[in-house]
Amino acid sequence: MTHVLQHVVFPLERDPDLLPLYMDPETWATIGGASVRVSARAHIGDVLDRRSVRVGRGRRVSFASYFNAFPASYWQHWTTVEAVRLTVRTRGRATIIVYRSNGDGIRQRVESRAVDAEAEESFDIRLDRFSDGGWIWFDLVADREDTILESAHWSTDHEPVRTGLASLGITTYNKPEYCIRTLEALADAPEVMKLVDRIFLIDQGDQRVESRSEFPEISSRLGDALQVIAQPNLGGSGGFSRAMLETLKRPDSGFVQLLDDDVRIEPEALRRSITFGRYASTPTLVGAHMFDLLDRTSLHAWAEVVDEGPFMWRRLFEDDMPHDFSESNLRQNPTLHMRLDAGYNGWWMCLIPVEAIRAVGLAMPAFIKWDDAEFCLRAGEAGFPTVSLPGVALWHVAWVGKDDQIDWQAYFHARNRIVAALLHSTAPRGGALLKYSRRVDLKHLMSMQYYPTALRMQALRDVLSGPEHMRRDLATAMPTARAIAADYAETVVHVSSERPIRTVRGRLELRRSRRRESAPTGLRLRWITASSLVSHWFRAPRPHHRDRPEAEFGKSDAQWWRLARYDSALVSTADGTGHTVYRRDRATHRALMRESAELHAELRRRWPDLQKTYRAHLSELVSADAWRTTFEGRS
């Protein structure tokens, strides 16, 4: 029996910006050692429907693209599939050329065939040369008339290891318009719904998805496959754990596919992830990559790991990300051809086999932040790897437009990172984590960011109190963190429509600093740090700087080593909607600095005992019974 692993598809929307993700219609040349685009050979008008495209006479289009090349290395390494078949249906005289690449991105020709009139050609390729990396793709070259690619797909005769369906778990908090769009895309994708057992929409907001005017029609189209569950806001961990728990009740569900709410999906990517999970040699978490929802060809998350030293997440090949496919497509970037093994995948989209949930439990009651990374680490330790699979992705709002390191989420960033390290770090006393954590506090203090520092102090106190606080405070930690903002004037956002705040520099209002300095290193870094700490500790701010900030900075310019020079500064918000005023307060600076030193010292001293305690309570924190009790008590 033939099983389709991957369809060649084209954008759901007639958006020219999306075209480079589905086909590479460009002619490139190498100039000065760099690949330069010479001309475009196709446009969005050539896309005929979801599966077919026109190639103009005498033109050549490559399907060496993110969504339509076949990630052979991942299938060879992680699945039981030993060979794939490319099937191409065309209309018109043309030449089909099949290529593969290796882990260095070097292109190698496999085979070419000339076709006439209506044709269906198949190419069989063994998956035995892709251990380090590599893709397979094909180019279509039209002859003296237009050629139509009617369809193409990658398939295998191998039987899947497991055959379970997937339940989808969508967690939302006041994002009904996004959820409606996701449900519409699913209703329009019958090939995906064949693999879906249930859609669990966990609605934790007061702007309900069911209240939208479009909901009745979508609900009717999806029928019994859609189940909306309303519950109080327990964060991402509470919503996704509810989806996991409900999936465990479904005998036909072999997986749960977690999806964030503020996303746009590529339905074919959902189908591919489930199919890959079925063929995986061992039960495997299948993660998706993340494109920027506001810059559709920009890839922000490829493969991510948690570094043991500072115990912090990062992207592999950080300097190559984000990658813009409109500037450099698959054929032009060797890094994209490597097989990159992830340590975890964000829960904007991640497929989890039910075997893993039964073995290691549900999410940690973290509310938000680190619940996805901690679960993947826990699953990995139990023998369930995570694969971030190329060709499987969605669009999500990127982090560049968020201030979540300095708003109420700073509490969860700090607490959950330390808890995850207590549970999984093998370094003595957390390795470099506490040193890095202390540095974060110092940077906030020298930047006059007292609110996130206060939240981080609360996070440390809660960690030191023991693991019981996590479930006890699950529903209250977020409103408590937000309430603390009232004590810090820096949290007030002055929107752009308000009367500008004058700077102390004279006639100009909202004058932006244009100095472009490189980040300090070595002795210069030490001098700036030491002198800033001494100045903030001993020197009182000048009174007239409270109402008239000394300088204005754009968000990207507001580095701690710049802000540390001033008594006050005007700083733009990350989303560009307004600005905040940072004012130096010597008493607050001193109090928080003392507390940070004391709490970090206590955490270091008690680390071995805390590690034993948190690990002993882990099964209780993540158990299905504990989460069931939480849901029953808050329903």
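The values are calculated or read from the model by the stated rules, or taken from the named source; none is laboratory data. In this text the structure is predicted, and so the values were computed from the model without any measurement. With ideal geometry, Cβ positions are generated from the backbone for all residues, glycine too; neighbour counts draw on all protein chains shown.
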| request: Please find, among Met457, Met448, the residue that is on the phi > 0 side of the Ramachandran plot and outside the structural domain of Ser65 (by TED's automatic domain parsing). | output: Met448
| task | Name every residue in the range 455-479 that is touching a helix residue (DSSP H, G or I) at 6+ places or on another chain (Cβ under 8 Å) and not aliphatic (A, V, I, L, M), in order of residue number. | result | Arg456, Gln458, Arg461, Asp462, Gly466, Pro467, Glu468, His469, Arg471, Asp473
| remark: Out of (1) surrounded by fewer than 20 Cβ atoms within 10 Å (Cβ to Cβ); (2) more than 30 Å from Arg250 (Cβ to Cβ), the one Phe325 does not meet is (1)
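Would you point out which residue out of Leu389, Leu423 is at pLDDT 95 or above and assigned to a helix (DSSP H, G or I)? Show your work before the answer.
On the way: Leu389 fails: assigned to a helix (DSSP H, G or I).
Answer to the selection: Leu423.
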| message | Can you list residue pairs whose Cβ atoms sit under 6 Å apart, with the first residue in the range 621-632 being in contact (Cβ under 8 Å) with a residue 40 or more places away in the chain and the second being among the small types (Gly, Ala, Ser)? Count only pairs 6 or more apart in sequence or on different chains. | response | Val622/Gly361; Ser623/Gly361; Trp627/Ser241
| Condition test on Ala591, is it among the small types (Gly, Ala, Ser) and at pLDDT 85 or above? | yes
| Looking at Ile218, Ile199, which one is of a type outside the set (Gly, Ala, Ser) and surrounded by 21 or more Cβ atoms within 10 Å (Cβ to Cβ)? | Ile199
| Residues located in the range 460-478, provided they are closer than 20 Å to Gly205 by Cβ and among the β-branched types (Val, Ile, Thr) | Thr476
| request: Could you please let me know if Tyr279 is at pLDDT 95 or above, over 22 Å from Leu195 (Cβ atoms) and surrounded by 20 or more Cβ atoms within 10 Å (Cβ to Cβ)? | output: no
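Scan the range 110-140 residue by residue and report those that are assigned to a strand (DSSP E or B), charged (D, E, K, R) and more than 34 Å from the chain's Cα centre (by Cα).
So in the range 110-140, the residues assigned to a strand (DSSP E or B) come out as 110-115, 118-126, 133, 136-140.
Filter again for charged (D, E, K, R), leaving 111, 113, 118, 120-121, 124, 126, 139.
Glu111, Arg113, Glu118, Glu120, Glu121, Asp124 - these are the residues of the range 110-140 that are assigned to a strand (DSSP E or B), charged (D, E, K, R) and more than 34 Å from the chain's Cα centre (by Cα).
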| task | Could you tell me whether the range 575-592 includes any residue that is over 30 Å from Gly205 (Cβ atoms) and acidic (Asp, Glu)? | result | yes
| said: Given the condition of a type in the set (A, V, I, L, M, F, W, C), assigned by TED's automatic domain parsing to the domain that holds Ala414 and under 30 Å from the mean Cα position of the chain (by Cα), answer yes or no: does some residue in the range 575-591 qualify? | reply: no
| Of (1) at pLDDT 95 or above; (2) in a strand (DSSP E or B); (3) over 21 Å from Leu21 (Cβ atoms), Pro160 satisfies all except one. Which? | (2)
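Does the range 392-414 contain any residue that is more than 14 Å from the chain's Cα centre (by Cα) and farther than 18 Å from Arg456 by Cβ?
Pass one, the range 392-414, residues more than 14 Å from the chain's Cα centre (by Cα): 403-414.
With farther than 18 Å from Arg456 by Cβ added as a condition, the list becomes none.
Looking for residues that are more than 14 Å from the chain's Cα centre (by Cα) and farther than 18 Å from Arg456 by Cβ, one finds none in the range 392-414, hence no.
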| note | Scanning the range 367-393 residue by residue, the ones that are in contact with a Lys or Arg (Cβ under 8 Å, 6 or more places away or on another chain) and more than 27 Å from Ile136 (Cβ to Cβ) total 2
